[in-house]
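The values are calculated or read from the model by the stated rules, or taken from the named source; none is laboratory data. Since this is a predicted model, take the numbers as computed values, not measurements. Note: ideal-geometry Cβ built from the backbone for every residue, glycine included; neighbour counts use all protein chains shown.
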Amino acid sequence: MKRKRNASQDEFEDDDLDLDLDDDGDDDGLDDLDDGLEEFNLEHDNLDEFKGERKLKSHSDRLVAGYTAELKGPDVLVVLLHGTTLASALRTARPDLNFTFWTPEHFFFRTLQKYHGDAVSMQAPGVGKTTLACTADLPAGTFDEALYATYFGDPSEQAQDLLQMIHQRLRSGGRLIASTNNSRDKWVQSQLRLIFPNVVVNKQKHGVACVATKTGELKRVRGFRARSAFRQGERLVYVESRPGIFSHRRIDGGARALIKSLALLKGEASGSAEFNPSKIIEMGCGCGAVSLAAAVEYPNAKILAVDSDARAIECTQISAKLNEITSVETLLTSDGVIPEPKSWDLLLGNPPYYSDYRISELFLQAAKNGLRSGGRIHLVTKLLDWHGARMKQLFASVETHPIGEYVVFTARQK
């Protein structure tokens, strides 16, 4: 999940790692920008080739696609953070190349499997191969070229991390074609020049495309992972995070409120009977802080940490090892389907604020389908009206508990 700050891309220096770039609202699948197609006049651009069933709606994708005819390959890495339509355009235009499409987001990975899964399973050896990857890091191996369409709302540290990793994956002489939908961009260009000595910039009306060539290995490789700690009872719990995970480098207030809500299970606040869960599931685990806190409070419980981001799953696994906690398992998924339905005692959730409540609904349906009769849900949010009304439709005994700047809704399975 991303929470964006109001800051110009031009204001960022190399050390501004905790800031986010401004969002111009250009989002794959949300904005229909086809009416501006004729305004793109790159010399090598023939966007009509890509106006098929899955149209390119992002200016960043279109700028990258404009270089399709110039790709030499044969092995091309494509970074997909905002959608998957670029994959269809590339495979249609250049069936002779070997494309590896990487995304850390499982929802996009499912879309890639839907549109390109047959190509993966039926392909013959040689050129024209398609590889799909949903992992925490870029796929291992050496690539001749890489494509990376950035958005003006991307977290800056995530972009820095990926640019460095792309450089490491390219062969000497390999090229990165990167784009941004910010026509006044200076930040992406400056970051490219920090690691690529040769950068050619192509400014367009709706964005900027850059071609960066690798000439040698980096003299200094930066580290972007971070560890933080919080106290749970008498124990200090350590967590690891990395760029791309919500609230990188700190435990956010919503997670802290959700952790504090565990005290409600002991009946300390309401005087009710103590609730001792033996099976706990967390939706949207991030770095795993809430799941680890639950594991400390209930050492004999089975805990499942769920997230749609491969980096979040990796960090939760690392965090569990840091604390020598073996009761936390992980699940990378984006469909909200919980294993062992109707058997879980407690579901914990901190849904993101974007997506017009679609992810909140996914969390609530997961609780409805996953919890046993009498099982409990704890959901933290600042958006009270919708969540309160929806939870009353689905669950019994809905209560609100202000904790810090947040409110934790608790309820029971009917």
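If the Cβ limit is 9 Å and pairs must be 6+ apart or interchain, which residue in the range 378-400 that is in the same structural domain as residue 252 (by TED's automatic domain parsing) and in a helix (DSSP H, G or I) pairs with which residue that is surrounded by 13 or more Cβ atoms within 10 Å (Cβ to Cβ) and basic (Lys, Arg)?
394/368
When residue 182 is evaluated against the numbered criteria (1) over 27 Å from residue 99 (Cα atoms); (2) in contact with a Gly (Cβ under 7 Å, 6 or more places away or on another chain); (3) in a loop (DSSP other than H, G, I, E, B), which criterion, by number, is the only one it fails?
Going through (1) over 27 Å from residue 99 (Cα atoms); (2) in contact with a Gly (Cβ under 7 Å, 6 or more places away or on another chain); (3) in a loop (DSSP other than H, G, I, E, B) one by one, residue 182 breaks only (1).
Would you mind stating whether residue 312 is of a type in the set (A, V, I, L, M, F, W, C), under 28 Å from residue 134 (Cα atoms) and touching a strand residue (DSSP E or B) at 6+ places or on another chain (Cβ under 8 Å)? Explain how you work it out, then say what you get.
Values: of a type in the set (A, V, I, L, M, F, W, C): yes; under 28 Å from residue 134 (Cα atoms): yes; touching a strand residue (DSSP E or B) at 6+ places or on another chain (Cβ under 8 Å): no.
It is false that residue 312 is of a type in the set (A, V, I, L, M, F, W, C), under 28 Å from residue 134 (Cα atoms) and touching a strand residue (DSSP E or B) at 6+ places or on another chain (Cβ under 8 Å).
If you scan the range 226-250, which residues turn out to be at negative phi, basic (Lys, Arg) and touching a strand residue (DSSP E or B) at 6+ places or on another chain (Cβ under 9 Å)? Show your work before the answer.
Going through the range 226-250, the residues at negative phi turn out to be 226-232, 234-243, 245-246, 248, 250.
Among the residues that remain, those that are also basic (Lys, Arg) are: 227, 231, 235, 242, 250.
227, 231, 242, 250 - these are the residues of the range 226-250 that are at negative phi, basic (Lys, Arg) and touching a strand residue (DSSP E or B) at 6+ places or on another chain (Cβ under 9 Å).
Are any residues in the range 395-409 under 27 Å from the mean Cα position of the chain (by Cα) and either among the polar types (S, T, N, Q) or exposed (fewer than 13 other Cβ atoms within 10 Å of the Cβ) (or both), and if so, which ones?
Within the range 395-409, 404, 405 meet the criteria.
Looking at the range 301-315, is at least one residue free of Cβ contacts under 8 Å to residues at least 60 places away in the same chain, under 18 Å from residue 227 (Cβ atoms) and surrounded by fewer than 20 Cβ atoms within 10 Å (Cβ to Cβ)?
Within the range 301-315 (the criterion being free of Cβ contacts under 8 Å to residues at least 60 places away in the same chain, under 18 Å from residue 227 (Cβ atoms) and surrounded by fewer than 20 Cβ atoms within 10 Å (Cβ to Cβ)), the answer is no, since none of the residues qualifies.
Consider residue 305 carefully, then state whether it is of a type in the set (Gly, Ala, Ser), under 17 Å from residue 283 (Cα atoms) and at pLDDT 95 or above.
Values: of a type in the set (Gly, Ala, Ser): yes; under 17 Å from residue 283 (Cα atoms): yes; at pLDDT 95 or above: yes.
Against the criterion (of a type in the set (Gly, Ala, Ser), under 17 Å from residue 283 (Cα atoms) and at pLDDT 95 or above), residue 305 qualifies.
Whether any residue in the range 258-278 is touching a Phe, Trp or Tyr at 6+ places or on another chain (Cβ under 7 Å) and in a helix (DSSP H, G or I) is what I want to check.
yes
In the range 319-335, what residues are outside any strand (DSSP E or B) and buried (at least 19 other Cβ atoms within 10 Å of the Cβ)? Outline the logic, then answer.
Step one: of the range 319-335, the residues outside any strand (DSSP E or B) are 319-327, 333-335.
Selection gives 319, 320, 323, 334.
Yes or no: residue 219 of a type outside the set (A, V, I, L, M) and modelled with pLDDT under 95? First the steps, then the outcome.
Working: of a type outside the set (A, V, I, L, M): yes; modelled with pLDDT under 95: yes.
So residue 219 passes the test.
Taking the range 348-374, which residues are part of a strand (DSSP E or B) and buried (at least 24 other Cβ atoms within 10 Å of the Cβ)?
Step one: list which residues in the range 348-374 are part of a strand (DSSP E or B), which gives 348-349, 371-374.
Of everything in the range 348-374, those that are part of a strand (DSSP E or B) and buried (at least 24 other Cβ atoms within 10 Å of the Cβ) turn out to be 348, 349, 371.
Could you tell me which residue of the range 118-137 is modelled with the highest pLDDT, considering only residues that are assigned to a loop (DSSP other than H, G, I, E, B) and within 18 Å of residue 73 (Cα to Cα)?
Looking at the filtered set, the residue picked out is 129.
Being polar (S, T, N, Q), under 18 Å from residue 315 (Cα atoms) and either in contact (Cβ under 8 Å) with a residue 24 or more places away in the chain or outside any strand (DSSP E or B) (or both), is that true of even one residue in the range 223-230? Write out each step before concluding.
Let us first name the residues in the range 223-230 that are polar (S, T, N, Q), namely 228.
Subsequent filtering for residues that are under 18 Å from residue 315 (Cα atoms) retains 228.
Restricting the remaining residues to those that are either in contact (Cβ under 8 Å) with a residue 24 or more places away in the chain or outside any strand (DSSP E or B) (or both) gives none.
The answer is no; no qualifying residue exists.
For the range 201-216, what are the residues that are part of a loop (DSSP other than H, G, I, E, B) and either under 28 Å from the mean Cα position of the chain (by Cα) or among the hydrophobic types (A, V, I, L, M, F, W, C) (or both)?
Going residue by residue through the range 201-216, those that are part of a loop (DSSP other than H, G, I, E, B) are 205-206, 214-216.
Correct list: 206, 214.
Of these, 219, 186, which one is without any contact (Cβ under 8 Å) to a residue 12 or more places away in the chain, over 24 Å from residue 245 (Cβ atoms) and not aliphatic (A, V, I, L, M)? Working first, answer last.
Working: 186 fails: without any contact (Cβ under 8 Å) to a residue 12 or more places away in the chain.
When all the criteria are applied, what remains is 219.
How many residues does the range 138-151 hold that are closer than 18 Å to residue 65 by Cβ and not in a strand (DSSP E or B)?
Residues that pass the stated criteria total 2.
Would you check which residues across the range 170-203 are crowded, with 19+ Cβ neighbours inside 10 Å and in contact with a Ser or Thr (Cβ under 7 Å, 6 or more places away or on another chain) and list them?
175, 178, 179, 180, 181, 188, 196
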